[in-house]
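Novice: Dumping the structure here so I can ask a few things about it.
Just so you know, all these numbers are worked out from the coordinates, no wet-lab data involved. Since this is a predicted model, take the numbers as computed values, not measurements. Here the Cβ positions follow ideal geometry from the backbone for every residue, glycine too, while neighbour counts run over all protein chains shown.
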Amino acid sequence: MILSDKKILEAIESGQIVIEPFLRECLGTNSYDVHLGRWLATYNDPILDARQHNQITHFEIPEEGFVLQPGTLYLGVTEEYTETHNSVPFLEGKSSVGRLGIDIHATAGKGDVGFCNTWTPEISCTQPVRIYAKHAHRPVDLLSG
């Protein structure tokens with residue numbers, strides 16, 4: 001079952017869900033919009049090896065934004081830290097971001113019950129697009145566990 005905004009608020013009040021920072025205006029009828037944080041990372045090598053720990057380079061998104069390029073996988077971070085102690089959190093795309101040709105995750109759209117951390121969106125795009133830090137990009141749909 002997907003939690004309603006009322007149930008999400010009740011879970012936050014009881015400590016079963018934590019969202020920091022929490023902004024009431026980001027709460028939808030059954031989701032919470034998280035924001036892209038300041039940092040992105042890209043892989044150093046053009047060919048990744050599934051048997052190796054592939055090295056990445058971190059960089060900060062400048063105030064004027066950053067242009068994502070097709071053919072590059074970017075690892076982001078959410079501004080929000082979340083905890084879900086009895087719910088399965090989902091990271092799902094907003095249609096406004098999808099219409100820009102941005103894909104947020106290839107495989108890891110669900111967290112685990114007990115997940116306590118920021119999210120790592122796997123970002124790719126179909127054409128160059130400028131993005132900005134702390135810009136709402138995905139709601140977290142919280143499911144009962």
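Novice: Please list the non-local residues whose amide H lies under 5 Å from the amide H of TYR81, H modeled 1.01 Å from N, same-chain partners needing a gap of 5 or more.
Specialist: Amide H neighbours of TYR81, under 5 Å, 5+ apart: GLU20.
Novice: Also, I was wondering about something else. Could you give the length gained on full extension between THR107 and LEU73, defined as 0.36 nm per residue of separation minus the Cα-Cα distance, in nm?
Specialist: Stretched out fully, the THR107 to LEU73 stretch lengthens by 10.9 nm.
Novice: Pop out the Kirkwood hydrodynamic radius of the range 80-133 from its pairwise C-alpha distances, inverse of mean 1/r, in Å to one decimal.
Specialist: In the range 80-133 this quantity evaluates to 12.4 Å.
Novice: Next question, about the same structure. Of HIS85, HIS53, HIS105, which is the most mobile in a GNM of the chain whose springs link Cα atoms less than 10 angstrom apart?
Specialist: Judging by the Gaussian network model, the answer is HIS53.
Novice: Would you work out the relative contact order for the range 1-92, in percent, from Cα pairs under 8 angstrom that are 6 or more residues apart?
Specialist: Here the relative contact order equals 38 percent.
Novice: Let me know the Rg and Dmax you get for the chain when you use only its Cα atoms, in Å.
Specialist: Final numbers for Rg and Dmax: 15.7, 46 Å.
Novice: Please name whichever of PHE90, ILE104, THR78 sits farthest to the positive end of the charge dipole of the range 69-110, dipole taken about the Cα centre and charges placed at Cβ: Lys and Arg +1, Asp and Glu -1.
Specialist: ILE104
Novice: For the range 75-89, just list the computed ³J(HN,Hα) in residue order, Karplus coefficients 6.51, -1.76 and 1.60, θ = phi - 60°, integers in Hz, with x standing in for Gly and Pro.
Specialist: 9, x, 8, 7, 5, 7, 8, 10, 9, 9, 8, 9, 9, 9, x
Novice: Straight-line reach from LYS110: which lysines have a Cα under 17 Å away, not including same-chain ones fewer than 8 places off?
Specialist: Within the straight-line cut-off, LYS110 pairs with LYS94.
Novice: What's the FRET efficiency of PHE22 with LYS94 using the Cβ-Cβ distance as r and R₀ = 25 Å, to the nearest 0.05?
Specialist: After rounding, the FRET efficiency stands at 0.85.
Novice: Okay, next question. Can you tell me which aspartates and glutamates have their Cα less than 19 Å from the Cα of LYS6? Leave out same-chain residues fewer than eight positions away.
Specialist: GLU20, GLU25, ASP33, GLU83, ASP141
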